[in-house]
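Reviewing the structure listed below.
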Amino acid sequence: MDVHLFVPCYLDQVHPEVAMATVTVLRRAGCTVHYSDQQTCCGQPMANTGCADDAAVLARRHLDLFAGKTTVCPSGSCTSMVSHHYHDLGLRLSATDEKTMHRTFELSDFLVNVLGVTDLKARFPHKVSLHQSCHGLRELGLGVMSERRDPPKLGPAEVLLAQVEGLTLVMPERRDECCGFGGTFAVAEADLSARMGHDRCDQLSQGDAEYMTGNDQSCLMHLDGIRKRRGKGPKAIHLAEILACQ
Amino acid sequence: MVDGAALAAFSMRFQRPVGSVLKAHPGVYPGPDLPASWDVFATSLKSVGGVLLNAQPSQAQAIQAAIDMGRAPGRVVASAAAARLLTGVTGWETARVTTTPQEWEDVDLAIIRAESACAENAALLVTSSSLPERALAFLAQRILVLVPRNRLIGGFMAAQAELARRLADGEALHHATWMSGPSKTADIEQTLVIGAHGVCALAVMPVDA
Amino acid sequence: MTARVPQFHVDSEKFLADQERVGWHDGALWHLRYKRDLATQVVPDWEKLRDQAAAIKAHVLDHIPTLLSQFITNAEAAGWVVHLAPEADDLKRIVLDLLQKNGVTKAVKSKSMLTEECGLNHHLEANGVEVVDTDLGERIVQLRHEPPSHIVVPAIHLKRGEIGELFHEHLGTAKGEDDPIRLTRAARADLRKRFIGAQAGLTGVNFAVADSGAIVICTNEGNADLGTALQPLHIACMGVEKLIPTAADAGVFLRLLARSATGQPITTYSTHIRGPDPTRPGHQAHLVIVDAGRRRLFADDEHRRALSCIRCGACLNTCPVYRRASGHAYGTTVPGPIGAVLAPAMIGTAKAKELPFASTLCGSCTNVCPVKIDLHDQLLSWRRRLAREGHVPFSKRFAMKIGAQALSYPWLFSLGGKIARTFWGLARKGIPGPHAGWTKHRDLPPAPKQSFRGWWKSDGQNQGNPTNKDQDHG
């Protein structure tokens, strides 16, 4: 299958290894990966700050660039921005735009629920705790939400991690508590955000986890920054990087 | 009577614009079919801090034991509806109709009759029909609720639907209370304390009525 | 709502300064969320029940004039004296008039967020009526002269030792007594005297049933019952949004309310009252129906559904920000996610401008809400409104504007990234300027040698698989 890679702006510049791992994983799953260096940002920071007009400019660029393509992104919140929140920006959306939004998938969702691939022949002999990032979980439905009473169905990240050789998965006591990142919240309410991050690091340390993983590098970057500053806790690693390991 | 013009002016503020599509009522919700089981009721009751008593070896003996339970009872007062079920039981008085309900402040044990019980949440229904002596049920230190054995309802949707029919059909009910366990609070450090302002202990006995 | 301007950032930092207390507060509220989870797990139709509740509330909000007229007709037939209060001042005037006409100097009041929001207590006290809040948590904060920090557990921000001190001073408990049972018993003894001595009982309303003129009041302590069954005068105050069509509909909400709030299957006392008590000659029952700004929320198509709120507090308990900031940081009568959604309409966007940003938009509030208010999306839509009205700080708006411009040009984005990576090393322990908040508590990740787009151009597009041995996880 031909897939077009949507690389979140901060991944491109700060965590290219996650996007590289995403390429590896998609190729291993049999996909032909395309990438356009005309892409920049989906507009989420602007949208979450309320600056809908500024976000709309970037959303329009994004939709034109990915028009009608099957798009995969290694971030739940950036995916949700495109698939769920482009409706909020006052844009005139064409049928093609709607299709583009509908055909934008988060990586683990794409692997498990579109390709039907669960075993990526990965090997990662470590204890790993899973941080389910909020937008992937509660907006895209990529897992069991602790608040709801839906029929239980494992999320794609759990399905994929279960197949990784040598990996022991640890679920934290509060399964899906927010890490406190929250975009500009992390800077505007830095103390609150950090306190939440500390608490989440503690929860993700349970069961002697060596690594904490998830499908949103923004949350992981926040958690890992706190982990390094305080000098203890599991190291952050994106789900794509674990799946790329052999 | 509320002044018509004032009401019209007040209502105007909450009028949807002409031409709005107004959402219809979703219809009566029957809820799940939950079993009318005294075992389920007992579990629910325990979770809300109440106790279920059996009418053994006889109803009168069991009620007598409940009155005498633990300590020398203080004042025991039965509602008029409950009094009719207390044949052969001693050591209690009937609540008299009063305009000064404060006089029940020193009641140790109140015995009242509930009209129905709900297994889903251990709620017991008392209304102005079965308990015109309303304050008695809240001022007493302890309470014994007698409920006809055949008046257990499984789910609360069905239980409340029955009360709703009575209210809508024009039965002159002034008050109707679902009571689920004794009064309680957790306002100090989330520590559950049974016995806030109202009763400190509640026992339920299914009876033949 | 309170007149003061909420200062979330400043006030949350004050609370955060006591790190030990923050952890304790978070734990206490998470315990409520945990009990809510347990209670909802045993309800086979939980999600359907929420759907039904949301649909009933949506119906109500589209039919307020009809339901109100039906309710008033039935209420008056049952003997209620109905009053309309367009503004908070009308509520205060009506209640004071009634109390004064009846020579009331001592009144008891069960929990009512509405009267809290309108400042009723203060008005009555200033005019010589002693009002005693009878919900234990409300009594505690009343004695401390502070507002509730939570709508269900008003004194959740206080530790037992602090309450022990307070009761020692006001109720004569032993110095150092901090046992919750003994403290509750002391409050019980004091409050029972006040129930007996009061000449009037004020209550809120949880649900107002249109087809029978009954109101439903829910408490665990029995304080609304003791505060209506003994006094010769009952005054119930309700927001107009409390209307529901039938008592059968109340069944849906009674199954949701306590489970969402505290994890109980139903509140201990769920009492329907219709007019004055016929067994007590001379007993009066008054009902005050209040707008006090609700019309502004009603007129707002994007946020009208927030009026569906049944005040269970579940969104507060689950909110990771509320749990660590405490209710007082919000500076409004109703704090937490629902408070932040209500406030911009109720007190104005200018005053409430910080509150919609007091959230990570994690969405847990939306998932626990028993009437399915899309709380986190409502917060987001308020942010858009605030930005449109110019209430988002210039620095933020400017950064977003510049960001959007720069990100519209891939070459500029790419250049910016290169410059940033060059100077990255200097900034690892502290970035200057508006983003200093990031490095105050966090280390930056090491700067990568090249961007993804750089790698793709040089290697990625041609090769099979990239390696990941260069990654830094340290």
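The values are calculated or read from the model by the stated rules, or taken from the named source; none is laboratory data. Because the structure is a prediction, the values reported are computed rather than measured. Cβ atoms come from the backbone with ideal geometry, glycine included; neighbour counts cover every protein chain shown.
Structural remarks
- Test: residue in the range B:74-85 that is surrounded by 14 or more Cβ atoms within 10 Å (Cβ to Cβ), without any contact (Cβ under 8 Å) to a residue 40 or more places away in the chain and in a loop (DSSP other than H, G, I, E, B): no
- When A:LEU223 is tested against (1) within 18 Å of the chain's Cα centre (by Cα); (2) free of Cβ contacts under 8 Å to residues at least 40 places away in the same chain; (3) under 29 Å from C:GLY327 (Cβ atoms), only condition (2) is not met.
- Here C:ARG311 fulfils each of the conditions (1) under 11 Å from the mean Cα position of the chain (by Cα); (2) outside any loop (DSSP other than H, G, I, E, B) apart from (2).
- Top-ranked residue of the range C:70-86 - restricted to ones that are touching a helix residue (DSSP H, G or I) at 6+ places or on another chain (Cβ under 8 Å) and over 22 Å from C:ARG296 (Cβ atoms), ranked as surrounded by the most Cβ atoms within 10 Å (Cβ to Cβ): C:ILE72
- All conditions in (1) within 14 Å of chain C (Cβ to nearest Cβ); (2) surrounded by 18 or more Cβ atoms within 10 Å (Cβ to Cβ); (3) part of a loop (DSSP other than H, G, I, E, B) hold for B:VAL97, with the sole exception of (2).
- Selection count, the range A:47-72, where residues are out of contact with any strand residue (DSSP E or B) (no Cβ under 9 Å at 6 or more places or on another chain) and assigned to a loop (DSSP other than H, G, I, E, B): 5
- Residue match in the range C:165-181 (condition: at positive phi, in contact (Cβ under 8 Å) with a residue 24 or more places away in the chain and more than 7 Å from chain B (Cβ to nearest Cβ)): no
- Summed over the range C:87-101, the residues that are out of contact with any His (no Cβ under 7 Å at 6 or more places or on another chain) and surrounded by 17 or more Cβ atoms within 10 Å (Cβ to Cβ) give a count of 5.
- In the range C:417-471, the residue that is farthest from the other protein chains (Cβ to nearest Cβ) out of those that are modelled with pLDDT under 65, within 49 Å of the chain's Cα centre (by Cα) and closer than 15 Å to A:ALA19 by Cβ is C:ASP470.
- Given (1) more than 20 Å from B:PHE14 (Cα to Cα); (2) touching a residue at least 40 places away in the same chain (Cβ under 8 Å); (3) in contact with a helix residue (DSSP H, G or I) (Cβ under 8 Å, 6 or more places away or on another chain), number of the condition C:LYS57 does not satisfy: (1)
- Pair list, Cβ under 8 Å, 6 or more apart: the range C:12-32 residue more than 10 Å from chain B (Cβ to nearest Cβ) and of a type in the set (Lys, Arg), other residue surrounded by 14 or more Cβ atoms within 10 Å (Cβ to Cβ) and assigned to a loop (DSSP other than H, G, I, E, B): C:ARG21/C:LYS159
- Among strands (runs of 3 or more DSSP E) entirely within the range C:179-223, having at least 1 residues that are among the hydroxyl-bearing types (Ser, Thr, Tyr) and assigned by TED's automatic domain parsing to the domain that holds C:ASP135 singles out C:200-203, C:214-219.
- Filtered residue count, the range C:381-409, keeping only those that are among the aliphatic types (A, V, I, L, M) and facing another protein chain (nearest Cβ under 7 Å): 6
- For B:LYS46, the conditions (1) among the basic types (Lys, Arg); (2) under 30 Å from B:GLY154 (Cα atoms); (3) not in a helix (DSSP H, G or I) all hold with the exception of (3).
- Out of C:VAL334, C:VAL288, C:VAL321, sole residue that is under 22 Å from B:PHE14 (Cβ atoms) and under 15 Å from the mean Cα position of the chain (by Cα): C:VAL334
- Filter result for A:ILE237 (within 10 Å of chain C (Cβ to nearest Cβ), closer than 19 Å to A:LEU167 by Cβ and among the hydrophobic types (A, V, I, L, M, F, W, C)): yes
- Across the range C:237-280, the qualifying residues are those that are under 30 Å from C:HIS31 (Cβ atoms) and among the basic types (Lys, Arg), and the one among them that is surrounded by the fewest Cβ atoms within 10 Å (Cβ to Cβ) is C:LYS242.
- First in the range A:111-133 and under 18 Å from A:VAL23 (Cα atoms), second anywhere and of a type in the set (Lys, Arg), Cβ under 9 Å, 6 or more apart: A:VAL117/A:ARG28; A:LEU120/A:ARG28; A:LYS121/A:ARG28; A:ALA122/A:ARG28
- Here A:ALA236, A:ALA194 are screened, and the one residue that is surrounded by fewer than 24 Cβ atoms within 10 Å (Cβ to Cβ) and modelled with pLDDT of 95 or more is A:ALA194.
- Residue check for C:SER308: within 11 Å of chain A (Cβ to nearest Cβ) and modelled with pLDDT of 95 or more: no
- Here is the figure for the range C:314-352: residues that are among the β-branched types (Val, Ile, Thr) and either within 14 Å of another protein chain (Cβ to nearest Cβ) or part of a helix (DSSP H, G or I) (or both) total 5.
- Filtered residues of the range C:286-305 (kept if at the interface with chain B (Cβ under 9 Å from one of its Cβ atoms), in contact (Cβ under 8 Å) with a residue 60 or more places away in the chain and either outside any loop (DSSP other than H, G, I, E, B) or more than 20 Å from C:GLY239 (Cβ to Cβ) (or both)): C:ILE289, C:PHE298
- Flag for B:ALA168 being in contact with an Asp or Glu (Cβ under 6 Å, 6 or more places away or on another chain) and of a type in the set (A, V, I, L, M): yes
- For the range B:152-168, a residue qualifies if it is touching a Ser or Thr at 6+ places or on another chain (Cβ under 9 Å) and more than 8 Å from chain C (Cβ to nearest Cβ), and the qualifying residues are B:LEU152, B:ILE153, B:GLY154, B:GLU162, B:ARG166.
- If only residues of the range A:29-56 that are within 7 Å of chain C (Cβ to nearest Cβ) and among the charged types (D, E, K, R) are counted, the one that is surrounded by the fewest Cβ atoms within 10 Å (Cβ to Cβ) is A:ASP37.
- Test: residue in the range C:123-138 that is more than 21 Å from C:ALA224 (Cα to Cα), more than 10 Å from chain B (Cβ to nearest Cβ) and free of Cβ contacts under 8 Å to residues at least 12 places away in the same chain: yes
- Total residues in the range B:169-206, condition facing chain C (nearest Cβ under 8 Å) and crowded, with 18+ Cβ neighbours inside 10 Å: 23
- If you filter the range A:169-191 down to residues that are in a loop (DSSP other than H, G, I, E, B), acidic (Asp, Glu) and at the interface with chain C (Cβ under 7 Å from one of its Cβ atoms), you find that the one that is surrounded by the fewest Cβ atoms within 10 Å (Cβ to Cβ) is A:GLU177.
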